[in-house]
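Derivation of every value follows stated rules applied to the coordinates shown; laboratory data play no part. A quick note: this is a predicted structure, and the numbers were derived from the prediction, not measured. A quick note on method: Cβ atoms are made from the backbone with ideal geometry, for glycine too, and the neighbour counts reach across all protein chains shown.
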Amino acid sequence: MTTRLRLQELLGPILLVVAFSYAVGLQSAQGLLIVQSTLALFVMVLALHVFVGNSGVLSFGHGAFAMFGAFASGIVTTPSNIKEHSLQLQHLYPFLVNLNLGMYPSLVLAILAGAIVAGLSGLLLMRLNGLAAGIATFALLGVAYNIFFNNNRIGPGSQALLALPPFQFFEEPVVLTVIVMLAVYLFGISRAGRTLRATREDPLAAPALGISIMRVRWIAFTLSGAIAGLGGAMFAHVAGTVQVQDYYLPYTFMTLSMLIIGGGASLWGATVGTLLVTGIGQILLMMEQQKPILGIVVHLPNGTRAIVIALSLVVMLLWRSDGVTKGREFKLGMPKLRK
Amino acid sequence: MTLFEVKDLRAGYGKVDVLFGVSLTASKGELIGIVGPNGAGKSTLFGAIVGTVGMRGGSVFLDGEDISGKRPEDIVRLGLSLVPEGRQIFGGLSVIENLTLGLTGRRDKHGEKGALERVHDLFPVLTTHRDHQAGMLSGGQQQQLAIARALVADPRVLLLDEPSLGLSPTVVKDVFDRLIAIAESGTAVVIVEQRAHLVTRLAERTHVLRAGKMQATLTKEDAADEAKLAAAYFGNSGE
C-alpha cells in the first residue's frame, strides 16, 4: 500500500555498476578480473547493507556466511576426478566426492547455506545490541574460520580448493549483481525494510508500535546471510579457488570499509563505496607495483593501499559517519559529494 | 463496564522502587487524566503498563484479560497503544511511512486502508504532508502524527504521555479537541500531564500521582478550585 518504487533510486546505482563493468571489464583480461572480483565484493557489501545499513547493528560475522557459500558452491562444482585425486581432499566425505552440480545450482546452494547459517545463528545473535552484537558476530566468524580451517572432511582444511569453474560469460556476474541490487532495493522499500530502519532510528519507540525488533532484525540477518553466501560463491568462482583465509579479516575489513565509506544506509552508498574503494585501491596498487598511471610512475611502499583505506575509514567515522552519500539514495541532480 | 484496569501496580528501576501500588480504571469512551509533579512516576506507570518497564507486582487488565508481563509488541496487538513522551516519531521517515509502521500493531490486517483514511480525516494536516519527512514537521504536527500512528493500530485503550509537551496553547487546544473526539468514538483515553488545569477540565476523573502513589482523584468541577488543585498536586502544604 505504501511501498513506493522510486525508479531513479534503483536505476542510478544499476546504471553505474553496469557502466563500470562494461567500461573496465571489456578493456583487458586484467580489467575483467577487476570487474568480476569487484562485483563479488559488491554483492557482499549489499549483504552488509541489508543488515548493518538498515538495522544500525554492526556485524563482523558476514564473512562466515560468505565462507559457507563459497565452500558449498566450490565443493560441488569441483570435478569429481579432481576431488578423488587431490591430496588436500583425500579425507573428504565420500558423498561430497561424488556430488557434482552445475554453476547455477551451486549458487542456489550457496544462497541456502548462507541463509541457513545466518537464520540459525541469528536466533541467538539478534537478541544482542551494540558492542555485544559486534563481538558475538566476530566470534561467529572465528567459529566458521576454525570449522573450515581444521576440518578436512568438508573441504581442503587450511589448503586451497582448486579448479572451480569460472563464469562462462562476461555478463553472468553483472546480471547476478543487478538481480541482487533489485532484491536489496525491494527489501529496503518493503514494510519489513522500513520497520528495520525505524528500529535503527529509535529502538525504544519501535516496540510501542507493536514492532518486534528481534523478528525484523532476524529477517534481515537471514536475507543478508543468503546474499553473503552468494557473494562468497561468486568470489570463489571469479578466483577459481577457495581458501578459508580469503574470507577472514581482510575480506571483512574491506567490505565493511566499502559500506561505511559509501554510506551504509542506502543502496547508492553501498554502490559508491564499493566503486570508490576499488578505484582508489587499484590506483594505489599500481603505484605499489610501480606501474605507470597516465605515463607517470609513482612508487609507493607495499601496504600503502591497506593503510590509506584504513585511514579513510577513520576519517569517515570521525567526520562523516553516514558516508560520502550521507546514506541517501540516488537522486538526479543530487550533489553526491556535497559537504 | 470497565475496559481497562490497573490494580495495585508496583514498578521501579534497579534497586529503586518508583510505584507503590497504583490502581486506576477506564471504561469505553472515557477520558482519564493522571497529573503529578516531576518524578512522581507518571512515565514509569505507562512504561510498566505497556511492558517497557518491569513490573514488580500488581496486574493490568484489558477487557478482563490479564496483560501483565506480556511483551510490548503483544500488548499493542491486544489493543493498548502508547503515544510516548517526546512523541518519538521516526524523523528520518516520511509521514506515511510513520503511519505504516503504526499498522504493525493491528489485529485486523484487512482494515488497514480504512484506518489510514480515518486518521487522515481526523488529522487533515497529515494528508497535506503525506510524503514529507516527519522530522521536518512542526511540534504540533508531530504530536498529531504520533497520535495518528498509535490510532492506526486500532487501540481500545490509548495512553498519552505529556501530549502538550513543547506545544503552544493554541496547538495544545487543537490536540486536546482531537483527543476528546477520539474518546467520543469509543476509545478509552488515559492522559498523563503536568498541566493539571488542562486535563482536569476535560477528563471524567483525574488522578493525582505523587511519590509513586495515587494521592487524590479530581473531577471536572475541581478544575476551577485553585486551592484544591494545588493541595492535591503538591500535597497538603499547597506549595
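Here are a few things to note about the model shown:
- Count of region A:54-86 residues, restricted to those that are farther than 17 Å from A:Gly231 by Cα and touching a residue at least 24 places away in the same chain (Cβ under 8 Å), is 9.
- In the set A:Gly327, A:Gly333, only one residue is of a type in the set (Gly, Ala, Ser), out of contact with any helix residue (DSSP H, G or I) (no Cβ under 9 Å at 6 or more places or on another chain) and part of a loop (DSSP other than H, G, I, E, B); that residue is A:Gly333.
- Qualifying helices (runs of 4 or more DSSP H) (wholly inside region B:126-239; at least 1 residues being out of contact with any Phe, Trp or Tyr (no Cβ under 7 Å at 6 or more places or on another chain) and among the polar types (S, T, N, Q)): B:139-151, B:169-184, B:196-202
- When region A:193-217 is filtered for residues that are more than 10 Å from every other protein chain (Cβ to nearest Cβ) and surrounded by fewer than 20 Cβ atoms within 10 Å (Cβ to Cβ), only A:Pro203 remains.
- Candidates A:Val308, A:Val324: the one that is surrounded by 12 or more Cβ atoms within 10 Å (Cβ to Cβ), within 27 Å of A:Ile14 (Cα to Cα) and of a type outside the set (Lys, Arg) is A:Val324.
- Per the conditions (1) touching a residue at least 40 places away in the same chain (Cβ under 8 Å); (2) within 21 Å of B:Ala181 (Cα to Cα); (3) of a type outside the set (Ser, Thr, Tyr); (4) within 10 Å of chain A (Cβ to nearest Cβ), the sole criterion not satisfied by B:Gly111 is (4).
Rundown of residues vs (1) crowded, with 20+ Cβ neighbours inside 10 Å; (2) facing chain A (nearest Cβ under 10 Å); (3) within 14 Å of the chain's Cα centre (by Cα); (4) not in a loop (DSSP other than H, G, I, E, B), yes/no style:
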{"residue": "B:Ile34", "(1), (2), (3), (4)": "yes, no, yes, yes"}
{"residue": "B:Thr44", "(1), (2), (3), (4)": "yes, no, yes, yes"}
{"residue": "B:Ala48", "(1), (2), (3), (4)": "yes, no, yes, yes"}
{"residue": "B:Gly58", "(1), (2), (3), (4)": "no, no, no, yes"}
{"residue": "B:Asp74", "(1), (2), (3), (4)": "no, yes, no, yes"}
{"residue": "B:Leu82", "(1), (2), (3), (4)": "yes, yes, yes, yes"}
{"residue": "B:Glu85", "(1), (2), (3), (4)": "no, no, yes, no"}
{"residue": "B:Ile89", "(1), (2), (3), (4)": "yes, yes, no, no"}
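- Subset of region B:6-32 (residues that are acidic (Asp, Glu) and either closer than 18 Å to B:Asp74 by Cβ or crowded, with 19+ Cβ neighbours inside 10 Å (or both)): B:Glu30
Rundown of residues vs (1) surrounded by 24 or more Cβ atoms within 10 Å (Cβ to Cβ); (2) part of a helix (DSSP H, G or I); (3) not aromatic (Phe, Trp, Tyr), yes/no style:
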| residue | (1), (2), (3) |
| --- | --- |
| A:Ala64 | yes, yes, yes |
| A:Ala70 | yes, yes, yes |
| A:Gly74 | yes, yes, yes |
| A:Ile82 | no, yes, yes |
| A:His91 | no, no, yes |
| A:Tyr104 | no, yes, no |
| A:Ile116 | no, yes, yes |
| A:Leu124 | no, yes, yes |
| A:Leu128 | no, no, yes |
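- With respect to the stated conditions, B:Arg118 fails to be within 13 Å of another protein chain (Cβ to nearest Cβ), charged (D, E, K, R) and either part of a helix (DSSP H, G or I) or surrounded by fewer than 18 Cβ atoms within 10 Å (Cβ to Cβ) (or both).
- Some residue of region B:188-208 being over 19 Å from the mean Cα position of the chain (by Cα) and surrounded by fewer than 17 Cβ atoms within 10 Å (Cβ to Cβ): no
- For region A:130-147, filtered to residues that are touching a residue at least 24 places away in the same chain (Cβ under 8 Å) and closer than 21 Å to A:Thr241 by Cβ, the residue that is surrounded by the fewest Cβ atoms within 10 Å (Cβ to Cβ) is A:Tyr145.
- Condition check for B:Glu5: among the charged types (D, E, K, R), in contact (Cβ under 8 Å) with a residue 60 or more places away in the chain and in contact with a strand residue (DSSP E or B) (Cβ under 6 Å, 6 or more places away or on another chain): no
- Region B:125-149, subset of a type in the set (A, V, I, L, M) and out of contact with any strand residue (DSSP E or B) (no Cβ under 7 Å at 6 or more places or on another chain), residue farthest from B:Phe176 (Cα to Cα): B:Met136
- Restricting A:Ala228, A:Ala183, A:Ala163 to those that are more than 14 Å from chain B (Cβ to nearest Cβ), of a type outside the set (D, E, K, R), farther than 30 Å from B:Asp154 by Cβ and crowded, with 18+ Cβ neighbours inside 10 Å reduces the list to A:Ala228.
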